[in-house]
Amino acid sequence: MGGERGGRQRIPRPASARPGSPAPWARLEPAALSVMLQQVRDRCAALPEPEPAEVLVPGSRAAAVLIAVFEELGEARVILTKRTDSMPSHRGEIVFPGGKLHPGVDALPVDAALREAEEEIGLASDDVEVAAELDGIATFASRFTITPFVGLLPGRPRLVLNADEVERVFDVAIADLLADGTYREEQWEIGGREQAVSFFDLPGETVWGATARILTGFLAHLVADR
């Protein structure tokens with residue numbers, strides 16, 4: 001995984017931030033980091049019932065995201081997008097495809113995740129095998145409760161991004177996300193409580209915030225039996 005790690009995302013790091021815990025998978029041997037699509041499917045099938053998000057701020061809005069995974073050259077890969085700088089929130093951040101639930105349009109959170117993925121990057125919902133719903137998370141600053149879904153794809157998709165919302169779309173091997181030096185954690189005080197904040201330093205980009213928190217939980221599930 002070449003290139004200088006870390007991007008120019010706007011990260012409102014408090015002065016009191018301090019280093020956090022090591023990655024949940026830090027103990028794994030390098031040979032255990034390689035993950036294939038069938039292993040993702042199997043681990044998703046073994047997940048317990050998801051827990052709904054705890055609402056941190058009254059009036060929080062419901063949203064859903066899609067962790068879209070495909071296999072190439074024997075490695076499972078995750079699709080990520082970079083939001084444009086013209087978006088009203090989370091400008092320039094690395095996120096999963098997804099967005100707010102629209103009443104009257106989305107009967108269920110999964111409907112919103114699939115609809116937004118198609119609108120943002122042209123990912124046809126018919127090509128997505130929804131393998132799992134993960135534990136919900138809540139955000140403090142942006143006031144969302146987010147339901148993540150894992151979607152498996154039959155191969156590398158042909159994507160067409162919505163340039164109004166998405167600056168770029170890219171994918172990264174799960175093995176690279178698990179590799180030494182990619183993940184780090186900091187402890188922040190948010191809303192009067194201590195919060196572990198996850199980061200994934202990729203070549204030219206940094207994944208942090210809600211996306212990194214969801215990604216950390218997903219990866220921890222994948223390697224829990226290793």
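For the criterion of being over 10 Å from Leu66 (Cβ atoms), at pLDDT 95 or above and aliphatic (A, V, I, L, M), Ala117 fails.
Inspection of the range 155-168 finds no residue satisfying the criterion of being part of a loop (DSSP other than H, G, I, E, B) and under 17 Å from Leu215 (Cβ atoms). Just so you know, in the range 59-118 the residues that are of a type in the set (Asp, Glu) and out of contact with any Pro (no Cβ under 8 Å at 6 or more places or on another chain) include one that is nearest to Leu159 (Cα to Cα), and it is Glu118.
Residues of the range 100-153 that are hydrophobic (A, V, I, L, M, F, W, C) and in a strand (DSSP E or B): Val130, Ala131, Ala132, Ile137, Ala138, Phe144, Ile146, Phe149, Val150, Leu152. Please find, within the range 106-136, the residue that is surrounded by the most Cβ atoms within 10 Å (Cβ to Cβ) out of those that are under 23 Å from Phe170 (Cβ atoms) and β-branched (Val, Ile, Thr). The residue in question is Val128.
A residue that is under 18 Å from Glu93 (Cα atoms), assigned to a loop (DSSP other than H, G, I, E, B) and not aliphatic (A, V, I, L, M) can be found somewhere in the range 193-211. Note on the range 8-26: among residues that are in contact with an Asp or Glu (Cβ under 7 Å, 6 or more places away or on another chain) and over 15 Å from Ser198 (Cβ atoms), the one that is surrounded by the most Cβ atoms within 10 Å (Cβ to Cβ) is Pro14. For the range 175-183, the condition of being closer than 18 Å to Pro24 by Cβ, in contact with a Phe, Trp or Tyr (Cβ under 7 Å, 6 or more places away or on another chain) and outside any helix (DSSP H, G or I) holds for at least one residue. From the list Leu47, Leu80, the lone residue that is in a loop (DSSP other than H, G, I, E, B), closer than 22 Å to Phe218 by Cβ and not aromatic (Phe, Trp, Tyr) is Leu47. State whether one or more residues within the range 209-219 are in contact with a Ser or Thr (Cβ under 9 Å, 6 or more places away or on another chain), among the aromatic types (Phe, Trp, Tyr) and modelled with pLDDT of 95 or more. No, the range 209-219 contains no residue that is in contact with a Ser or Thr (Cβ under 9 Å, 6 or more places away or on another chain), among the aromatic types (Phe, Trp, Tyr) and modelled with pLDDT of 95 or more. The C-beta contact set for the range 123-139 (first residue in contact (Cβ under 8 Å) with a residue 12 or more places away in the chain and over 18 Å from Arg41 (Cβ atoms), second residue assigned to a loop (DSSP other than H, G, I, E, B) and β-branched (Val, Ile, Thr), distance under 6 angstrom, 6+ apart or interchain) comprises Ala138/Val55.
Taking the criterion of being over 21 Å from Glu75 (Cα atoms), over 18 Å from the mean Cα position of the chain (by Cα) and among the aliphatic types (A, V, I, L, M), the residues of the range 1-50 that qualify are Ala15, Ala17.
Each residue in the range 58-75 was checked for being part of a strand (DSSP E or B) and surrounded by fewer than 22 Cβ atoms within 10 Å (Cβ to Cβ), and 6 of them qualify. It is to be established whether one or more residues within the range 214-222 are touching a Pro at 6+ places or on another chain (Cβ under 6 Å), surrounded by 19 or more Cβ atoms within 10 Å (Cβ to Cβ) and part of a helix (DSSP H, G or I). Within the range 214-222, one or more residues are touching a Pro at 6+ places or on another chain (Cβ under 6 Å), surrounded by 19 or more Cβ atoms within 10 Å (Cβ to Cβ) and part of a helix (DSSP H, G or I).
The values are calculated or read from the model by the stated rules, or taken from the named source; none is laboratory data. As the structure is a prediction and not an experimental result, all values here were calculated from the model. Don't worry about glycine lacking a Cβ; one is built from the backbone with ideal geometry, like all the others, and counts go over all protein chains shown.
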